[in-house]
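Here is the structure we will look at, set down as structure tokens.
Nothing in this text is a laboratory measurement; each read-out follows from the coordinates by a stated rule. Quick caveat, the model's predicted, so the values are computed rather than measured. All Cβ positions, glycine included, derive from the backbone under ideal geometry; neighbour counts span all protein chains shown.
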Amino acid sequence: MDEVRSGRAEIAGDDARHLTRVLRVEVGQRYEISDNRNVFLAEIETARKEQVVFKTIEKLPAPAEEARIVLCAALIKFDHFEWMIEKATELGVARIVPVIATRSEHGLERAAHKRLERWRRIAMEASQQSRRAFLPEIDEPSRFQDAISIEAAHRFVLDEDAAAPPIGAVVPASRHASDEIAMLIGPEGGWTDEERSAVQESRWTRVSMGPLILRAETAALAALAVIRSAWLH
């Protein structure tokens with residue numbers, strides 16, 4: 001929901017219909033809700049077909065701070081990209097940056113701008129599924145050179161070259177919940193030599209997922225799982 005105003009929050013339209021028809025919520029039931037800034041314990045005050053109103057009972061403690069992970073993912077076929085958005089959201093990424101790489105399929109860049117609202121909807125539904133308190137940001141598609149300029153305390157680029165060290169081997173010994181980590185994932189065709197050179201010049205750390213050749217979305221999620229697990233301990 002977008003906001004809590006004067007102790008109340010409203011959901012309307014398709015989301016309200018889902019709550020009343022599918023989940024069959026009723027007046028008096030209590031849920032945890034978030035306005036993407038705070039988390040509240042709230043009670044359903046009104047449950048109509050087109051409108052559900054929550055009355056907040058109390059503000060809940062903020063979730064424990066976690067490292068902020070930014071996924072910079074080269075555009076790939078949209079069904080695969082959307083699956084990656086869903087699963088990356090469930091894994092807790094804070095921001096997803098679609099990247100226009102040299103070997104991204106022709107036409108994806110132009111069509112991607114029209115998909116933003118759909119992608120944000122997918123992220124919202126995945127957030128609800130995984131009970132996230134805050135939605136991830138999903139940026140407009142970014143040029144490769146702009147993407148590699150993103151600042152973070154730790155920046156890793158996945159490379160299909162098995163000579164790159166495994167990601168687990170380069171995780172720093174000193175890790176903090178306040179860290180920001182950027183993960184750059186290439187397209188199905190891999191990085192060009194020019195892109196590899198640009199990444200090296202920008203001081204990203206090359207890493208691999210070992211000798212197996214993984215699909216872009218599989219590699220992204222495997223790398224995110226390693227990073228998230230490392231920073232939780």
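May I ask you to compute the full-extension gain from THR46 to GLU109, defined as 0.36 nm times their residue separation minus their alpha-carbon distance, rounded to one decimal in nm?
Stretched fully, the THR46-GLU109 segment lengthens by 18.4 nm.
Pairs of alpha-carbon atoms within less than 8 angstrom and 6+ residues apart define the contacts here; what relative contact order does region 92-189 have, in percent? Walk me through the numbers on the way to the answer.
Details: 90 pairs, mean separation 36.9, N = 98.
Once divided by the residue count of region 92-189, the mean separation gives 38 percent.
Report, to two decimal places, the Cα Rg of region 99-233 normalised by 2.2 N^0.38 Å (N = number of residues).
1.09
When only alpha carbons are used to place a centre, region 159-233 and region 54-107 end up 16 Å from one another.
Give, as a single signed number, the net charge of other residues whose beta carbon lies under 9 Å from the beta carbon of ARG196, with Lys and Arg counted +1 and Asp and Glu -1.
On the way: positive: ARG206; negative: ASP159, ASP161, ASP193, GLU194, GLU195.
Around ARG196, the charge tally is -4.
For region 110-156, applying the loop criterion from DSSP together with a ceiling of 16 other beta carbons within 10 Å to the GluC sites (Glu not before Pro) yields GLU151. Applying a DSSP loop filter and a limit of 13 other Cβ atoms within 10 Å to the GluC sites (Glu not before Pro) in region 25-54 leaves GLU26, GLU50. Restricting region 1-89 to trypsin sites (Lys or Arg not before Pro) that sit in a DSSP loop and have at most 10 other Cβ atoms within 10 Å of their own Cβ leaves ARG24, ARG37, LYS49. Counting only DSSP H runs of at least 4 residues, each contributing -39500 (n - 2.57), and dividing by the residue count of the chain, the helix-based mean residue ellipticity at 222 nm comes to -9500 deg cm²/dmol.
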